[in-house]
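The values are calculated or read from the model by the stated rules, or taken from the named source; none is laboratory data. Keep in mind that what you see is a predicted model, and the values were worked out from it rather than measured. In this analysis, Cβ positions are derived from the backbone assuming ideal geometry, glycine residues included, and neighbour counts consider all displayed protein chains.
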Amino acid sequence: MRLSDARVERFIHNNPGDLQEILATEKPETAKIITFDGIYSMEGHLAPVPELVQLAKTYNCFTVMDDAHGFGVMGPGGKGTAAHFGCTDDIDIICGSFSKSLSSIGGFVAGSKSLIEYLRTHSKQTIFSAAITPSQAACAGASLDVIESEPEHLQRLWMNTRRMKDLFNRLGLNTWGSETPAIPVVIGNLESAFRFWKALLDKGVFTVLSVSPAVPPGKDLIRTAASARLSEEDFEIIEGAFEYAASML
């Protein structure tokens with residue numbers, strides 16, 4: 001957005017009403033793009049995609065959704081957040097990553113054929129970028145085959161997600177209303193968050209410590225992510241580690 005020299009207006013997180021107030025002040029002929037995440041990785045929140053799509057139609061906006069954390073996780077067969085809401089055909093560009101559910105490196109931009117052809121010939125980021133290696137492409141393709149042909153992994157992912165959330169709820173931990181396998185544990189201040197993170201690490205569980213300005217002040221947190229590969233033995237370690245860390249709060 002900065003490279004385009006466009007004026008950027010920010011709306012309140014997951015608040016279509018605030019976005020509508022901003023759009024209503026713009027002239028109808030002004031070109032407008034609504035950009036948003038399908039899943040917000042820090043909070044684990046789903047974007048209100050149907051409401052954003054409706055605003056785009058009402059105010060004649062182009063839409064771009066980053067679904068790095070939704071592709072392979074949300075929707076029928078892991079087809080993503082837009083598919084979860086039945087809005088795939090209503091979003092102009094859907095971006096995704098190969099480094100999450102596809103276990104590789106790189107990413108993709110999906111849209112209409114004419115739009116993709118335009119980006120291939122006009123986007124500096126594409127023209128001056130090297131292609132990913134054949135092995136990385138093959139890895140992403142193989143992962144996609146697994147997602148499509150072995151739905152039991154997606155089912156297990158959501159089973160493990162529910163189990164992790166149940167654990168955190170039992171321990172009285174704040175998960176910021178996460179709706180997805182990206183589950184934050186909000187601690188609230190840097191010192192306590194660091195002690196919590198270190199206690200987990202001491203018990204053999206690696207998590208990611210996220211503090212301000214990556215999160216709002218007072219929302220310092222531990223980032224966790226459920227996985228389809230978590231075993232019963234893994235959960236025994238996870239449960240013991242979080243019980244130990246929670247006892248230190």
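So, of the residues in region 109-122 that are of a type outside the set (Asp, Glu) and loosely packed, with under 13 Cβ neighbours inside 10 Å, which turns out to be nearest to LEU52 (Cα to Cα)?
So in region 109-122, the residues of a type outside the set (Asp, Glu) come out as 109-116, 118-122.
The next check asks that each one be loosely packed, with under 13 Cβ neighbours inside 10 Å; those that pass are 112-114, 118, 120-122.
Numbers: SER112: 19, LYS113: 23, SER114: 23, TYR118: 25, ARG120: 27, THR121: 29, HIS122: 27 Å.
Going through the qualifying residues, I end up with SER112.
Just so you know, in region 212-224 the residues that are modelled with pLDDT of 95 or more and among the aliphatic types (A, V, I, L, M) include one that is nearest to MET159 (Cα to Cα), and it is ILE222.
Residue pairs, Cβ under 7 Å, 6 or more apart or interchain, first in region 1-30 and in contact (Cβ under 8 Å) with a residue 24 or more places away in the chain, second charged (D, E, K, R). List them. So the pair list comes out as PRO16/GLU51; LEU23/LYS32; GLU26/LYS32. All conditions in (1) surrounded by fewer than 16 Cβ atoms within 10 Å (Cβ to Cβ); (2) touching a His at 6+ places or on another chain (Cβ under 8 Å); (3) small (Gly, Ala, Ser) hold for GLY172, with the sole exception of (2).
Per-residue answers, yes or no, for (1) touching a Lys or Arg at 6+ places or on another chain (Cβ under 8 Å); (2) β-branched (Val, Ile, Thr); (3) at pLDDT 95 or above; (4) over 22 Å from SER99 (Cβ atoms):
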residue	(1), (2), (3), (4)
ASN189	no, no, no, yes
TRP197	no, no, yes, yes
LEU201	no, no, yes, yes
GLY204	no, no, yes, yes
SER227	no, no, yes, no
ILE237	yes, yes, yes, yes
TYR244	yes, no, yes, yes
MET248	yes, no, no, yes
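Counting only residues that are β-branched (Val, Ile, Thr) and closer than 29 Å to MET159 by Cα, which one in region 47-102 is surrounded by the fewest Cβ atoms within 10 Å (Cβ to Cβ)? Walk me through how you get there before you give the answer.
Quick first cut of region 47-102, residues β-branched (Val, Ile, Thr) only: 49, 53, 58, 63-64, 73, 81, 88, 91, 93-94.
Subset that is closer than 29 Å to MET159 by Cα: 49, 73, 81, 88, 94.
Working: VAL49: 23, VAL73: 27, THR81: 27, THR88: 17, ILE94: 22.
Filtering region 47-102 for residues that are β-branched (Val, Ile, Thr) and closer than 29 Å to MET159 by Cα, the one surrounded by the fewest Cβ atoms within 10 Å (Cβ to Cβ) comes out as THR88.
Tell me, which strands (runs of 3 or more DSSP E) wholly within region 1-108 include 1 or more residues that are of a type in the set (D, E, K, R) and not assigned by TED's automatic domain parsing to the domain that holds PRO216?
Because the criterion is at least 1 residues that are of a type in the set (D, E, K, R) and not assigned by TED's automatic domain parsing to the domain that holds PRO216, the strands (runs of 3 or more DSSP E) in region 1-108 that meet it are 33-37, 62-66.
Of the residues making up region 87-116, those that are in contact (Cβ under 8 Å) with a residue 24 or more places away in the chain and either aliphatic (A, V, I, L, M) or under 24 Å from THR58 (Cβ atoms) (or both) are CYS87, ASP90, ILE91, ASP92, ILE93, ILE94, CYS95, LEU102, ILE105. Counting only residues that are out of contact with any Ser or Thr (no Cβ under 8 Å at 6 or more places or on another chain) and small (Gly, Ala, Ser), which one in region 53-98 is farthest from GLY111 (Cα to Cα)? Top of the filtered list is GLY77.
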